[in-house]
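The block underneath contains the structure these notes are about, expressed in structure tokens.
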Amino acid sequence: GIRDHCVTGVQTCALPIFFCVLGTIDDRYGMHPLVKLFGQFLCAIPFAVSQTQVSEIQFVDLIFSAQWLGPIFGLCWIILCVNAFNLIDGVDGLAGTLATVTIIAVSVLAFGQINMSVALLSIIAVGAILGFLVHNIPPAKIFMGDGGSMMLGFLVAVLSMTAATTAEGTFYSTVPIALLGVPLIDTGLAFLRRMLRGKSWRTADREHVHHRLLDRGFTHGEVVVALNSVNLLFAAAALFAFGKGSDVAVRSEEHTSEL
């Protein structure tokens, strides 16, 4: 009911503050990567335990029973998204615009499922990010820092996962993966690159996708436009995948009821 939506909204709005505080401490004083990772787990646990209600996970045409693994999956998804946005925040305006595109797509999914709490939170989040981007697009007057990027990563993780989960508890994993295509691919390539070179995953470098584009002569603004154009394609694919998955589920339920 309305009360449940309000409780969910308050919790989802309050928990990003933990990530913002953690990131701000890292910005101000510096923090060992393992300590920061441990802090991220602590910040993500309250939502993963109390709000992650996934009974099964669907990936393309494969369906896996989640049951008690739901909170663990939710925890890992949050940590992945938080760090993906932390790593992609290397160009003014990039993390904020990618988050905006993703959350707008999330709001479309939420409206389609009549999930008003997620839809409303998505609209509020987009408004807040746009208010920040006015001052963060190149040339930036203010900067996001780890406090902002980690908070954005949490919001995107929670909203995308919630919107891609049906009322019956089926989580369409391809949807949020596609929605976050650019940050996730960049993060995956970063870890693979460091592993193949025998370096620690904690080693920073200047070989992220936005750095490579800058080295090829793109301006900061052109990098933002180029990567967000790719992200728009991913968002469109995610909406299509969810619509197709939902249709398949509906047809399957109708066939079962007929039997």
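Please go through region 91-121 and give me each residue that is within 24 Å of D186 (Cβ to Cβ), modelled with pLDDT under 90 and of a type in the set (S, T, Y), ordered by number.
If the condition is that a residue be within 24 Å of D186 (Cβ to Cβ), modelled with pLDDT under 90 and of a type in the set (S, T, Y), then no residue fits.
Return yes when A236 is open to solvent by 10 Å² or more (accessible area, probe 1.4 Å) and either in contact (Cβ under 8 Å) with a residue 40 or more places away in the chain or part of a helix (DSSP H, G or I) (or both) and no when it is not. Let's see the steps before the verdict.
Working: open to solvent by 10 Å² or more (accessible area, probe 1.4 Å): yes; either in contact (Cβ under 8 Å) with a residue 40 or more places away in the chain or part of a helix (DSSP H, G or I) (or both): yes.
When the stated conditions are applied, A236 passes them.
Search region 59-90 for residues being surrounded by fewer than 24 Cβ atoms within 10 Å (Cβ to Cβ) and β-branched (V, I, T), and hand back the single one that is modelled with the highest pLDDT.
Going residue by residue through region 59-90, those that are surrounded by fewer than 24 Cβ atoms within 10 Å (Cβ to Cβ) are 59-73, 75-77, 79-80, 83, 87, 90.
In the following step, the residues that additionally are β-branched (V, I, T) were identified as 60, 63, 72, 79.
Details: V60: 70, I63: 75, I72: 83, I79: 92.
If we take residues in region 59-90 being surrounded by fewer than 24 Cβ atoms within 10 Å (Cβ to Cβ) and β-branched (V, I, T), then I79 is modelled with the highest pLDDT.
Give the number of residues within region 126-179 that are farther than 24 Å from M31 by Cβ and not in a helix (DSSP H, G or I).
Result for region 126-179: 14.
Scanning region 40-56 for residues that are of a type in the set (V, I, T) and either under 17 Å from the mean Cα position of the chain (by Cα) or open to solvent by less than 20 Å² (accessible area, probe 1.4 Å) (or both), which turns out farthest from A163 (Cα to Cα)?
Selected residue: I45.
Filter region 130-154 down to residues that are surrounded by 24 or more Cβ atoms within 10 Å (Cβ to Cβ) and touching a Leu at 6+ places or on another chain (Cβ under 8 Å) and give me whichever is modelled with the lowest pLDDT.
M144
Looking at this structure, is E207 at pLDDT below 80, farther than 30 Å from I17 by Cβ, among the charged types (D, E, K, R) and in contact with a Leu (Cβ under 9 Å, 6 or more places away or on another chain)?
So E207 passes the test.
With respect to R194, is the statement that it is open to solvent by 40 Å² or more (accessible area, probe 1.4 Å), more than 20 Å from A99 (Cα to Cα) and out of contact with any strand residue (DSSP E or B) (no Cβ under 7 Å at 6 or more places or on another chain) true?
Here the answer is no, as R194 does not meet what is asked.
When you look at V230, is it modelled with pLDDT of 90 or more, open to solvent by less than 90 Å² (accessible area, probe 1.4 Å) and part of a helix (DSSP H, G or I), yes or no?
Details: modelled with pLDDT of 90 or more: yes; open to solvent by less than 90 Å² (accessible area, probe 1.4 Å): yes; part of a helix (DSSP H, G or I): yes.
Criteria met by V230.
Only one of these is part of a helix (DSSP H, G or I), over 22 Å from A167 (Cα atoms), at pLDDT 80 or above and open to solvent by 30 Å² or more (accessible area, probe 1.4 Å): L22, L37. Name it.
Values: L22 fails: open to solvent by 30 Å² or more (accessible area, probe 1.4 Å).
When all the criteria are applied, what remains is L37.
Please determine whether any residue of region 87-98 is in a helix (DSSP H, G or I) and farther than 25 Å from T203 by Cβ.
Yes, because at least one residue in region 87-98 is in a helix (DSSP H, G or I) and farther than 25 Å from T203 by Cβ.
The values are calculated or read from the model by the stated rules, or taken from the named source; none is laboratory data. From a predicted model like this one, the values you see are computed outputs, not experimental measurements. Reconstructed Cβ throughout: ideal geometry from the backbone, glycine too, with neighbour counts over all protein chains shown. Note: areas computed on protein heavy atoms with side chains; ligands, DNA, RNA excluded. Shrake-Rupley method; radii C 1.70, N 1.55, O 1.52, S 1.80 Å.
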